[in-house]
Amino acid sequence: MAKTKKAAATAVSTMPINIGIEEKDRQAIAAGLANLLADTYTLYLKTHNFHWNVTGPMFQTLHLMFEQQYNELALAVDLIAERIRALGVAAPGTYKAFAKLSSIKEEEGVPSAEEMIAKLVEGQEAVVRTARSIFPVVDQANDEPTADLLTQRMQVHEKTAWMLRSLLDK
């Protein structure tokens, strides 16, 4: 199981939530999803940064590929945050919170195109590990909607990592 930082899950509903998942499980799932949200948002920022700053012979290909990837990530953060809210917990939404919760580090400087690809593979795989680490509590709570979300996210990130990694094969 991947090591993840624990988010302080803050309940926000004044009306009781009765969706068949105990409060403690909803809090634990939301905390895991907060880590996933932070990883996804940090990867979004990294991918967008690389889209703006990529250079070299693969510029056009990578510029367009990175754009597709950050657009997909932008949609994903909304889905993850909305699932946290459906569980009755406030979703983190600041750079400070994301920096604390994310397993992905921000990028310093502008790496080469090949280094960008490698760093994005690492980021995609980190998101998969974070998503996978949430499954035990999700399974225990019979939280099928979150399991479905996690499975879909893992499929996207594993496929994206494979496609990026393929660019590095000589």
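We did not get these values from a lab; they are worked out from the coordinates using the rules stated. Quick caveat: nothing in here was measured; it's all calculated off a predicted structure. Because the Cβ atoms are built from the backbone with ideal geometry, glycine has one as well, and the counts that use them run over all protein chains shown.
Miscellaneous remarks
- Point-to-point label distance, ARG129-THR151, nm (Cα→Cβ direction, 7 Å offset): 2.5
- Using θ = phi - 60° and Karplus 6.51 cos²θ - 1.76 cosθ + 1.60, couplings along region 118-135 (whole Hz; Gly, Pro as x): 4, 5, 6, 4, 4, x, 4, 5, 5, 5, 4, 4, 5, 4, 5, 5, 7, 4
- Size of electric dipole in the chain: Cβ of Lys, Arg +1 and of Asp, Glu -1, about Cα centre, debye, nearest 20: 400
- Here the residues MET116, MET15, MET163, ranked from fewest to most Cβ neighbours within 10 Å of their Cβ, fall in the order MET15, MET163, MET116.
- Checked against a 25 Å cut-off, the cross-linked pairs LYS24/LYS159; LYS46/LYS96; LYS46/LYS100; LYS96/LYS159; LYS24/LYS105 give Cα-Cα distances beyond that limit for LYS24/LYS159; LYS96/LYS159; LYS24/LYS105.
- Full extension of the segment from GLU72 to ALA118, taken as 0.36 nm per residue of separation minus the current Cα-Cα distance, would add 14.7 nm.
- Highest-MSF residue in the chain out of SER112, SER103, SER133 [GNM, Cα springs under 10 Å]: SER112
- Among the GluC sites (Glu not before Pro) found in region 93-170, those both in a DSSP coil and sparsely packed, with 16 or fewer other Cβ atoms within 10 Å of their Cβ, are GLU106, GLU108.
- Least to most buried among ARG129, ARG153 (fewest other Cβ within 10 Å first): ARG129, ARG153
- The coefficient of translational diffusion for the chain, derived via Stokes-Einstein from the alpha carbon Kirkwood radius under 25 °C and 0.890 mPa s, stands at 149 µm²/s.
- Computed from the C-beta positions of ASN18 and TRP52, the FRET efficiency with R₀ = 35 Å rounds to 0.15.
- Net length gained if the chain between ALA99 and ASP139 were fully extended (0.36 nm per residue, minus Cα distance): 11.6 nm
- In terms of surrounding Cβ atoms within a 10 Å radius of their Cβ, LYS96, LYS24, LYS119 rank from fewest to most as LYS96, LYS24, LYS119.
- Extension gain, ARG165 back to GLU108 (0.36 nm per residue minus Cα-Cα distance, nm): 18.4 nm
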